[in-house]
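Asker: Structure below; questions to follow.
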Ligand SMILES: CC(C)(COP(=O)(O)OP(=O)(O)OC[C@H]1O[C@@H](n2cnc3c(N)ncnc32)[C@H](O)[C@@H]1OP(=O)(O)O)[C@@H](O)C(=O)NCCC(=O)NCCS
């Protein structure tokens, strides 16, 4: 049975296992352990872990900025995808943000990433585009689509 719990910097090895498994290296979107740790030590950042018993199968990292929450990263282990685990992480994020008085959630997603459809399904709306925001390993520079969800 899947449950979502708060994590912290001590969960970095589980987060990195999912990161390496879930993200396609062609797109250079995965963060390094150093990037994750420097984010997780900040007081306005939060790590949510989806666990199947004690095994971490997904994570989400968020940051509180003024009146809104930003989704920085979300990943679900490949073998556990399309089982509503990503959705559970987003719903927990929404619930916590609402309880904390935030008014919106923001995120950015690479144009062409299937996660765009996932975010739409979770209730996010596209609100803008950043031209050539990402740098792929193959030299291409896809746009970022910015999305929000009003709480
Ligand atoms: C995006 C991601 C977190 C979704 O997690 P998930 O647990 O597989 O998603 P869910 O099972 O909760 O999906 C909910 C709905 O979103 C949509 N969806 C999810 N993955 C999708 C995909 N690959 N293509 C199209 N729609 C998708 C579907 O409508 C799905 O419902 P359905 O399975 O009943 O059709 C996961 O695919 C992932 O880790 N991707 C790689 C990392 C990444 O790109 N993260 C986002 C950028 S930070």
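Asker: Looking only at region 22-36, which residues are within 16 Å of the ligand (Cβ to nearest atom) and either surrounded by fewer than 16 Cβ atoms within 10 Å (Cβ to Cβ) or assigned to a loop (DSSP other than H, G, I, E, B) (or both)?
Answerer: Step one: of region 22-36, the residues within 16 Å of the ligand (Cβ to nearest atom) are 22-32, 35-36.
Matches in region 22-36: 23, 24, 25, 26, 28, 29, 30, 31, 32, 35.
Asker: Right, next: Only one of these is at pLDDT below 95 and either under 26 Å from residue 9 (Cα atoms) or surrounded by 12 or more Cβ atoms within 10 Å (Cβ to Cβ) (or both): 139, 112, 86. Name it.
Answerer: Working: 139 fails: either under 26 Å from residue 9 (Cα atoms) or surrounded by 12 or more Cβ atoms within 10 Å (Cβ to Cβ) (or both); 86 fails: at pLDDT below 95.
112 is the lone residue from the list that is at pLDDT below 95 and either under 26 Å from residue 9 (Cα atoms) or surrounded by 12 or more Cβ atoms within 10 Å (Cβ to Cβ) (or both).
Asker: Sort out which residues of region 85-119 are in contact with a strand residue (DSSP E or B) (Cβ under 8 Å, 6 or more places away or on another chain) and near the ligand (Cβ under 10 Å from one of its atoms), and write them in order of number. Step through it out loud before you land on a result.
Answerer: Let us first name the residues in region 85-119 that are in contact with a strand residue (DSSP E or B) (Cβ under 8 Å, 6 or more places away or on another chain), namely 85-86, 88-90, 92-94, 96-97, 100, 102-111, 115-116, 119.
Selection gives 85, 86, 88, 89, 90, 107, 108, 109, 110, 115, 116, 119.
Asker: Considering only region 1-21, state which residues are surrounded by 11 or more Cβ atoms within 10 Å (Cβ to Cβ) and in a loop (DSSP other than H, G, I, E, B).
Answerer: Listed by number, the list holds a single entry, 8.
Asker: Are any residues in region 98-116 part of a helix (DSSP H, G or I) and under 14 Å from the mean Cα position of the chain (by Cα), and if so, which ones?
Answerer: Just the residues of region 98-116 that are part of a helix (DSSP H, G or I), to begin with: 98-99, 115-116.
Passing the criteria: 115, 116.
The values are calculated or read from the model by the stated rules, or taken from the named source; none is laboratory data. A quick note: this is a predicted structure, and the numbers were derived from the prediction, not measured. Backbone-built Cβ (ideal geometry, glycine too); neighbour counts: all protein chains shown.
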